[in-house]
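Just below is one structure, and these are the notes that go with it.
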Amino acid sequence: MSLAWIGLGSNLDAPRAHVERALDELDQLPLTRRRRASHLYATRPVGPADQPDFINAVAQLETRLSPLALLDQLQALEQRHGRVRERRWGPRTLDLDLLLFDDQCLVTPRLTLPHPEMAQRAFVLVPLAETAPTLVLPDGHDVASLAASLSEEAPPARVSPRMLPQI
C-alpha cells in the first residue's frame, strides 16, 4: 500500500458541500481508502481575485493504485462534481490535487510529484500539517515548519459548522 496526500478545494455551487462530499467519495475510489482528513479551511483565491473564497482541506489515502491511475480517479471525481477548466486558477466546483505519493519524486507531462507549488501555499500546508505534523517532504523540509512560516502572512481560517453558511 502507498500513502497519498490529496488537496481539496472548491469555491462554487456550495463549496463546503462539494469538499465534504468529495472527502467521502475519496474513500470509495477503487483499491483506496481514506485514512484521515483535515478540518475545512476558508481561504482567499490564488490568482484572479474576482472569484469567491475557497473551502480547502487535505486528505491522506492508502492506495494500491499507481500515481497516474490515482490521478485519473481524482480527475473523474472532479468531473462528476461538474468541474469546468475555463482559466488557470479560476473558480471551480471541485479541485483535487495529488500533493504527495509516498516519497516519490516524479515529473511527467501529466503529473509532478511532489506538487510543485505546495510549499508556497498555506491553504495546503496548514491542513497538511494538521493531519501529519511530523511529515517531511522528499526535499527534507518538514511540513510543520513550512506551514508555520506561511501561515504568519495569510493564515487560512478553520471553518466550523456555525461559521460558514451553505452557499
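With R₀ set to 30 Å, the beta-carbon distance separating Ala17 from Leu111 gives a calculated FRET efficiency near 0.60. Solvent exposure of segment 1-64 amounts to 44 Å² per residue of accessible area, where only protein heavy atoms count and the probe is 1.4 Å. Taking trypsin sites (Lys or Arg not before Pro) as exposed when their DSSP state is a loop state and no more than 14 other Cβ atoms lie within 10 Å, the longest site-free interval of the chain runs over 1-63.
Residues of segment 33-65 with an amide N closer than 14 Å to a point placed 7 Å from the Cα of Glu86 along the Cα-to-Cβ direction: 48-52. For Thr112, neighbours were defined as the other residues whose beta-carbon sits under 14 Å from its Cβ, and their charges (Lys and Arg +1, Asp and Glu -1) total -2. Full extension of the chain between Gln120 and Arg33 yields a length gain of 28.5 nm, computed as 0.36 nm times the residue separation minus the alpha carbon distance.
When the charge dipole of the chain is built from unit charges on Cβ atoms (+1 for Lys and Arg, -1 for Asp and Glu) and taken about the Cα centre, the candidate among Leu135, Leu99, Gln79 whose Cα reaches farthest toward its positive end is Gln79.
How big is the dipole moment of the chain about its Cα centre under a simple scheme where the beta carbon of each Lys and Arg is +1, that of each Asp and Glu is -1, and everything else is neutral? Debye, nearest 20, please.
Dipole of the chain, to the nearest 20 debye: 400 debye.
Measuring nothing but protein heavy atoms, the accessible surface of the chain at 1.4 Å probe radius is 52 percent carbon and sulfur.
Taking one quarter of the surface of the C-alpha convex hull of the chain gives a mean projected area of 9.2 nm².
Ligands, DNA and RNA excluded, the heavy atoms of Leu3 present near 50 Å² of accessible surface to a 1.4 Å solvent probe.
Based on alpha-carbon atoms, the Kirkwood radius and the radius of gyration of segment 8-95 give Rg/Rh equal to 0.97. Accessible area of Asp50 (1.4 Å probe, protein heavy atoms only, ligands and nucleic acids ignored): about 110 Å².
Using only side-chain charges placed at the Cβ, +1 for Lys and Arg and -1 for Asp and Glu, the dipole size of segment 36-121 relative to its Cα centre rounds to 200 debye.
Across Asp53, Asp97, the residue with the most accessible area heads the list, and the full order at a 1.4 Å probe is Asp53, Asp97. Evaluating kT/(6 pi eta Rh) at 25 °C and 0.890 mPa s, with the Kirkwood radius of segment 59-118 over Cα pairs in the Stokes-Einstein relation, gives 195 µm² s⁻¹.
The values are calculated or read from the model by the stated rules, or taken from the named source; none is laboratory data. Remember, predicted model here, so these are calculated numbers, not experimental data. Cβ: placed from backbone, ideal geometry, glycine included. Neighbour counts: every protein chain shown. With ligands, DNA and RNA removed, areas are computed over all heavy atoms of the protein, side chains included. Shrake-Rupley method; radii C 1.70, N 1.55, O 1.52, S 1.80 Å.
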